[in-house]
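Student: Take this structure, written in C-alpha cells, and hold onto it; I'll ask about it next.
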Amino acid sequence: MQYLFHEDAGSAQFWIKGEAYKYLFKVRRHSTGDTLYFRNKGKSEELHAYRVVSLEGRTALLELLLSESRAVKASKYLHIAWCVVDPKSVEKVLPSLNEIGVAKISFIYCERSQKNFKSDLARYERITESSSQQCGRSEEMAFEVYKSLDSFLSAHPETVVLDFCDKVLGCDEQISTVLIGCEGGFSEKERKRLEAFKRFRLDTPMILRSESAVIGIASKLLI
C-alpha cells in the first residue's frame, strides 16, 4: 500500500477507525510511531504524511507531519472508448488499466453490445480507488456511458479505431482516444459510420478478446 484515501487527509490531526483501522493496524500491523500516507479525493494530488500518535481501543490518532504536492500519473493521456461487454470482463482488467495509466473509459452501447449488461460505474470507481492506493496513482480514472456509437463519435471526432486493416499500431503513435469494439465487432451500419476515421490493428495473428485488446493497446501507447 502506497497511501490511503481519507476524507480528513490534510487536517492537523484525525482519528482512524472502522475498516481503515482494521486494514492498517490488524492487517498491515502498523503501530505507534509509524509514518502513514494519505490523500484526499477532493485534492488527490496532495500527499500527506502522518505519524501514529496513539492507539485507543479500535481507533488511532494521527498527527500531520508533512503535506506536499506529489502527482503520480501517466506521462501521456489515453481515453479508451469501449463498446459494452460483460462487466465481469471489465472488472478483471480495470486494476491493470489503472496501473498502466489510462485516464478515462467511455462505455458505449454499440449495436452488438448486449443491452442487459449495465456498467456499474460506482463499483468501477471502488476498484480503481483500491488499485490507486496500491500502485501510488494520484489521478482518479474517469468513467462515462454513451447510449450509441454515433453519439460518442459526434462528441469525439479525434477517435482512432481498432479494426481489421493493413495499418499496424506503432509505439510512437500519438493517439488520445481509441475505440475498441465488443465481442462480434461492429455492425455493417457502424462500419460505414467509421469509414471516415483513422484505423489500425495490433500486430498479432491471434484473435483477441475485447479486454485483451484494451490491455494491449493501453500498454503499447502508455508504457
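Student: Put +1 on the Cβ of every Lys and Arg and -1 on every Asp and Glu Cβ in the chain; which of 84, 143, 221 then has its Cα farthest towards the positive end of the dipole?
Tutor: Of the candidates, 84 comes out farthest on the positive side.
Student: Pull out a ≥ b ≥ c, the square roots of the eigenvalues of the alpha-carbon gyration tensor of the range 28-96, then state rounded if a/c is under 1.5, prolate if not and a/b is larger than b/c, and oblate in the remaining case. List each step's numbers first, then the result.
Tutor: Numbers: a/c = 3.80, a/b = 1.89, b/c = 2.01.
Oblate.
Student: State to the nearest 20 debye the size of the charge dipole of the range 4-69 about its Cα centre, where the only charges are +1 on K and R beta carbons and -1 on D and E beta carbons. Provide the component values of the computation, followed by the final result.
Tutor: Details: 10 positive and 9 negative charges, 72 e Å.
That gives a dipole near 340 debye.
Student: Would you please give the FRET efficiency between residue 13 and residue 192, computed as 1/(1 + (r/R0)^6) with r the Cβ-Cβ distance and R0 = 45 Å, to the nearest 0.05?
Tutor: E(calc), rounded to 0.05, equals 0.15.
Student: If the convex hull of the alpha-carbon atoms of the chain is projected onto planes in all directions, what is the mean projected area in square nanometres?
Tutor: Hull-based average projected area comes out at 13.8 nm².
Student: What trypsin sites (Lys or Arg not before Pro) does the range 122-223 have in DSSP loop regions with at most 15 other beta carbons within 10 Å?
Tutor: Working: sites: 123, 126, 137, 147, 167, 189, 191, 192, 193, 198, 199, 201, 209, 220; in loops: 137, 147, 167, 198, 209.
Here the sparse-neighbourhood loop sites are 147, 167, 198, 209.
Student: State whether the range 52-129 is rounded, prolate or oblate according to the following rule on the C-alpha gyration tensor (a ≥ b ≥ c being the square roots of its eigenvalues): a/c under 1.5 gives rounded; otherwise a/b larger than b/c gives prolate, and the remaining case gives oblate. Provide the component values of the computation, followed by the final result.
Tutor: Details: a/c = 4.28, a/b = 1.95, b/c = 2.20.
Oblate shape, in that a/c is at least 1.5 and b/c is the bigger or equal ratio.
Student: A follow-up question, please. Could you give the size of the charge dipole of the range 79-222 about its Cα centre, using +1 on the Cβ of each K and R and -1 on the Cβ of each D and E, expressed in debye and rounded to the nearest 20? The partial results should precede the final answer.
Tutor: Details: 20 positive and 22 negative charges, 70 e Å.
Here the range 79-222 has a charge dipole of around 340 debye.
Student: When Lys and Arg each count +1 and Asp and Glu each count -1, what net charge do the other residues less than 10 Å away from residue 10, Cβ to Cβ, add up to? If you can, show how the numbers build up before the last one.
Tutor: Details: positive: 39, 43; negative: 7, 8, 46.
Here the count lands on -1.
Student: Okay, moving on. Could you tally the net charge around residue 183, taking each other residue with its Cβ under 15 Å from the Cβ of residue 183, Lys/Arg +1 and Asp/Glu -1? List each step's numbers first, then the result.
Tutor: Working: positive: 88, 92, 112, 115, 209; negative: 86, 111, 163, 190, 211.
The answer is 0.
Student: Can you give me the relative contact order of the chain as a percent, contacts being Cα pairs under 8 Å and 6 or more apart?
Tutor: On the way: 410 pairs, mean separation 45.0, N = 223.
Rounded, it is 20 percent for the chain.
Student: What are the aspartates and glutamates whose alpha-carbon lies under 14 Å from the alpha-carbon of residue 115, with same-chain residues fewer than 8 places away excluded?
Tutor: 86, 183
Student: At most 12 other Cβ atoms within 10 Å plus a DSSP loop assignment makes a site exposed; report the longest stretch of the chain without any exposed GluC sites (Glu not before Pro).
Tutor: Working: sites that count: 7, 158, 195.
Here the longest segment lacking exposed loop sites spans 8-157.
Student: Follow-up question, since we're still on this one. What is the local net charge at residue 153, summed over the other residues whose Cβ is closer than 14 Å to its Cβ (Lys, Arg +1; Asp, Glu -1)? Spell out each step's value before the answer.
Tutor: On the way: positive: 147, 189, 191, 192, 193, 198, 199; negative: 111, 150, 158, 163, 190, 195.
In short, +1.
Computed from the coordinates by the stated procedures, all read-outs in this text should not be read as laboratory data. Since the model is a prediction, treat every value here as computed from it, not as a measurement. With ideal geometry, Cβ positions are generated from the backbone for all residues, glycine too; neighbour counts draw on all protein chains shown.
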